[in-house]
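Right, one structure below, let's go through it.
The values are calculated or read from the model by the stated rules, or taken from the named source; none is laboratory data. Quick caveat, the model's predicted, so the values are computed rather than measured. We place every Cβ from the backbone using ideal geometry, glycine too, and count neighbours over all the protein chains shown.
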């Protein structure tokens, strides 16, 4: 049992390693995991870059605040004159400065108002910026403590799709009130980065994601295309297998949608065509040969009767004619057997396999055998488990069972018992047919399935089935060939109480 389980496990592992479906799943997992890993690494590097940019911008804001602080500290009774000119000197092409004031007696966020800006900013935009600072709770904190030491990265919409990035807020507390120096930048050096926005919104990430997504769709599309094409090939193969001779006019080339598989599809079509042609040639040859032999055999048989009348008093002549007649009968039987053998070979090449109910077929054939051999009073003990289905041709199954039954009946005497049982054995259906004959020597149990080999003791040769000319060792060979072609196996074993049991197993349909 452990060895069986280990074998199943090994086959499962091999299947998974070779499976196209598994590789597709692994590819999907890779396509999902790799960008997540790379994104985390890039985001970590970007966060370091953000920290450096913001630190530099904050230092610039602190330097500007240091330059303005003496002027603001000296203003004890109002706004210092020339403050706008001071801001203009400190501002350059990339830095903008705004100055807010909360007088000493004012309270709350409503006490803050803009007193100067460089370069000049429209009132509407200043109001938007003020509302943003209020919404973030920054002015509330400044109105209470007039202190701020946190890095800032606040994007403000300027209108017409442009943005401005607030990079530092430096409060200066004086006797007159709380001055707040706000610096901002609108250069692409900072706005083009992820500072102040989620990293996935940056242009480079969007471009990379678009390229990666396009590549993933392309690769997965190739895999799915191959997978669907193979599925169509498999469906057509099953259709051809189920239909049998001349069943389908569809071709693999018509089912193919990938130019790279055109040669493979054409090779499949040629293979199917050649197999069908070979099977038809075998059938035609069997028919032609049988017809060619049957005519002279019939002439010989008809000519024997007049000769018997001429040599009726000649014992040697009568004995010779009897031998000729027996040889003719054997030859006739041999021609019929050979024809059947070739037809079986053709059926193995081009037969229609479908899901059939083996239980019903065995039950029906057992009932027919009872009727046909009623005169011999053969007793049939039939035990059939219902609903056992296999993939096979019904004609092939009937040929197999009929040959085994005929072989068993040829060794049975009138009034003997014949046992037929069909049961499930794991994933297989097991059929056993037991006779009451003399059995077979142990060293010849395997040879009885060879072509043209017949093991028949004198009691069987003189039995009800006829003489030895009726048997040429073809029946059980046909059984083995058909069962093997269906993925099963067949063997024979002697019964402890006498007789022979022929067993065969066929895989159940999934």
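Looking for something part of a helix (DSSP H, G or I), surrounded by 16 or more Cβ atoms within 10 Å (Cβ to Cβ) and on the phi < 0 side of the Ramachandran plot - is there at least one such residue anywhere in region 382-391?
no
Quick one: would you say residue 388 is at pLDDT below 80 and under 22 Å from residue 489 (Cβ atoms)?
Working: at pLDDT below 80: no; under 22 Å from residue 489 (Cβ atoms): yes.
Answer is no for this residue.
Only one of (1) under 36 Å from the mean Cα position of the chain (by Cα); (2) under 28 Å from residue 418 (Cβ atoms); (3) surrounded by fewer than 18 Cβ atoms within 10 Å (Cβ to Cβ) is not met by residue 330, so which one is it?
Condition not satisfied by residue 330: (1).
Just wondering, is there one or more residues in region 26-38 that are under 30 Å from residue 185 (Cβ atoms) and either modelled with pLDDT of 80 or more or surrounded by 11 or more Cβ atoms within 10 Å (Cβ to Cβ) (or both)? Break it down stepwise before answering.
Quick first cut of region 26-38, residues under 30 Å from residue 185 (Cβ atoms) only: 38.
Adding the requirement that they be either modelled with pLDDT of 80 or more or surrounded by 11 or more Cβ atoms within 10 Å (Cβ to Cβ) (or both) leaves 38.
The answer is yes; a qualifying residue exists.
Determine which member of the set 60, 76 is modelled with pLDDT of 75 or more and either closer than 30 Å to residue 148 by Cα or assigned to a helix (DSSP H, G or I) (or both).
Of 60, 76, the one residue that is modelled with pLDDT of 75 or more and either closer than 30 Å to residue 148 by Cα or assigned to a helix (DSSP H, G or I) (or both) is 60.
Among (1) modelled with pLDDT under 80; (2) exposed (fewer than 12 other Cβ atoms within 10 Å of the Cβ), where does residue 106 come up short?
The single condition residue 106 does not satisfy is (2).
Which pairs do you get when a residue that is closer than 16 Å to residue 118 by Cα, found in region 73-84, comes within reach of a residue that is part of a loop (DSSP other than H, G, I, E, B), reach meaning Cβ atoms under 6 angstrom, with the pair 6+ apart or on two chains?
Correct list of pairs: empty, since none qualify.
Of all residues in region 394-421, which are in contact with a helix residue (DSSP H, G or I) (Cβ under 7 Å, 6 or more places away or on another chain) and part of a loop (DSSP other than H, G, I, E, B)?
Within region 394-421, 411, 414 qualify.
Could you list, ordered by first residue, the pairs with Cβ atoms under 6 Å in which the first is in region 354-377 and farther than 11 Å from residue 388 by Cβ and the second is in a helix (DSSP H, G or I) and at pLDDT below 85, at least 6 apart or interchain?
Cβ pairs passing all conditions: 354/242.
Report, by residue number, each residue of region 277-314 that is in contact (Cβ under 8 Å) with a residue 24 or more places away in the chain and either over 10 Å from residue 346 (Cβ atoms) or not assigned by TED's automatic domain parsing to the domain that holds residue 335 (or both).
287, 289, 290, 293, 294, 297, 300, 301, 304, listed by residue number.
So which residues in region 400-416 are at pLDDT 85 or above and surrounded by fewer than 19 Cβ atoms within 10 Å (Cβ to Cβ), if there are any at all?
402, 406, listed by residue number.
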